[in-house]
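Accompanying notes for the structure given below.
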Amino acid sequence: MSVTHAPQTADVLTRQDPELAEILLGELHRQSSTLQLIAAENFCSPAVLAALGSALANKYAEGYPGARHHGGCEIVDVAERLAVDRAKSLFGAEHANVQSHSGSSAVLAAYAALLRPGDTVLALGLPYGGHLTHGSPANFSGRWFDFVPYGVDAETGLIDHDQVRTLARTHRPKAIVCGSIAYPRHIDYAFFREVADEVGAYLIADAAHPIGLVAGGAAPSPVPYADVVCATTHKVLRGPRGGMILCGGELAERVDRAVFPFTQGGAQMHTIAAKAVAFGEAATPAFAAYTHQVVANARILAAALADEGIVVTTGGTDTHLVTADPAPLGVDGRTARGRLAAAGMVLDCCALPHADTRGLRLGTAAVTTQGMAEKEMERIAALLAGVVRGDVESVRAREEVRDLVGGFPPYPA
Ligand SMILES: *Cc1c(COP(=O)(O)O)cnc(C)c1O
């Protein structure tokens, strides 16, 4: 399940710019010698890295295949058509735009395609796991649109469907956004479709996190339900950093124009080629098995953390994501993250619904790519709890982490 072959450490870079080459090697070493539990990260394959480091990086290609504003696009056009065709067949979508530079750019383009400044939009509030692009005042979304936040139930941690329905009826939004940076459960897309239809709103699914699970059949697909699906290609999907938009044929032209020329310039052809490689990988039985293992690992991790006394939000997970409150172990999320970082366990803090302290957000996409399974999840949970409690000294914990990851090199030589 782990990727084979080390990424080429470009000798040419070592010779020409040893200072920078040293930094790249240092980062590769950091990724290989510490534990990557950041839910949004993964290890893409050497083939994806090869496409990213290819001559396609030199090519200017404003526009779309067959209709570019630059000459010499005949070959990159083939690459983009391949990426689009693979995305369409992977997700069963009528249309795919693979040019979005990031997940946020994809969301910006979706809003540009469907909304006008000042429109009302319903989305999961940031304290409950909404993304910055879901109405944060620090983001264009909060500045240009009138966001109404829905939340999660204080008891169960699950999206409050009654509240969604009531807010939709009261505010009559132009669009409803479903999707989250931290929600560990499947989203009921049929429910959101029903509410959107009732109030005449567009449904935008921001599936940046689960889209990789969708590709492998380990999570339900938003494609049959949402008018527009926004996604990233670098999270569980394990491709290059970037975004993607899926939609029906009737919105295809509006979505394409919203990406270019409305919100972006030239397409990044090396990234689009790398997306094509990743879509090709994601269509294999091996990737489907990977995504099911990602979820199995997350479930075991969640259960083992709960056994250690950590409060797992919603009582578990359906996905690669686990959010948890370490308070019963005597520290808040920020302190816990600091102790864990010192031990070489890299993860994020997250908002905790209905609490004023921060929690921890972990994901199993990267460790599963490395080949870790049930046994390692239990080891990680025990070590994490020991470090957070202050039972395991950080030097000793760091040694244990090194020992653990040493058996699962992300890029074996
Ligand atoms: C990760 C994420 C994004 C943004 O992706 P970037 O590539 O960092 O811009 C947007 N929405 C959701 C729900 C995400 O999880």
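Each reported figure results from applying straightforward, stated rules to the coordinates on display, with no laboratory input. Given the structure is predicted, the values throughout are model-derived calculations rather than measurements. Note that we place each Cβ from the backbone using ideal geometry, even for glycine, and neighbour counts take in every protein chain shown.
Observations, loosely collected:
- Distance violations [Cα-Cα > 22 Å] among Lys88/Lys174; Lys59/Lys275; Lys88/Lys235: Lys88/Lys174
- CD proxy at 222 nm, helix term only [per DSSP H run n ≥ 4: -39500 (n - 2.57); per residue of the chain; nearest 500]: -13000 deg cm²/dmol
- ³J(HN,Hα) computed for each position of region 384-396 - Karplus, 6.51 cos²θ - 1.76 cosθ + 1.60, integer Hz, glycine/proline x: 4, 5, x, 5, 5, 5, x, 6, 9, 5, 5, 5, 5
- Highest average first, the peptides 382-390, 404-412, 183-191 ordered by how many other beta carbon atoms sit within 10 Å of their residues are 382-390, 183-191, 404-412.
- Dimensions in Å of region 350-406 - Rg and Dmax from alpha carbons: 13.4, 39
- Calculated P(r) of region 181-238 - Cα pairs past 19 Å, %: 26 percent
- Taking the chain and dividing mean pair separation by its residue count, relative contact order in percent (alpha carbons under 8 Å, at least six apart): 24 percent
- Region 285-406 - Rg over Rh from alpha carbon coordinates, Kirkwood radius: 0.96
- Note on region 55-282: Cα-only Rg and Dmax are 17.2, 59 Å.
- Alpha-carbon centroids, region 356-409 and region 258-319: separation in whole Å: 19 Å
- Within the chain, longest stretch free of exposed GluC sites (Glu not before Pro) [DSSP loop, at most 14 other beta carbons within 10 Å]: 156-392
- For the residues Pro328, Pro210, Pro353, a GNM of the chain with alpha-carbon springs under 10 Å puts the largest fluctuation on Pro328.
- Spherically averaged projected area of region 288-357 from its Cα convex hull (nm²): 5.1 nm²
- Column: log10 I(q)/I(0), Debye, Cα scatterers of the chain, q = 0.06, 0.12, 0.14 Å⁻¹: -0.24, -0.99, -1.29
- Scaled radius of gyration (Cα, divided by 2.2 N^0.38 Å) that region 87-185 gives: 1.13
- Per principal axis, descending, Cα span of region 16-74 in whole Å: 46, 34, 16
- Nonlocal amide H pairs with Ala267, under 5 Å, H built at 1.01 Å: Ala61, Glu62, Gly63
- Couplings 3J(HN,Hα) of region 25-34, computed from phi: 5, x, 5, 4, 5, 4, 5, 8, 10, 10 Hz, in residue order, whole Hz [Karplus 6.51 cos²θ - 1.76 cosθ + 1.60, θ = phi - 60°; x for Gly and Pro].
- Candidates per chymotrypsin sites (Phe, Trp or Tyr not before Pro) in region 230-291, loop by DSSP, up to 12 other Cβ within 10 Å: none
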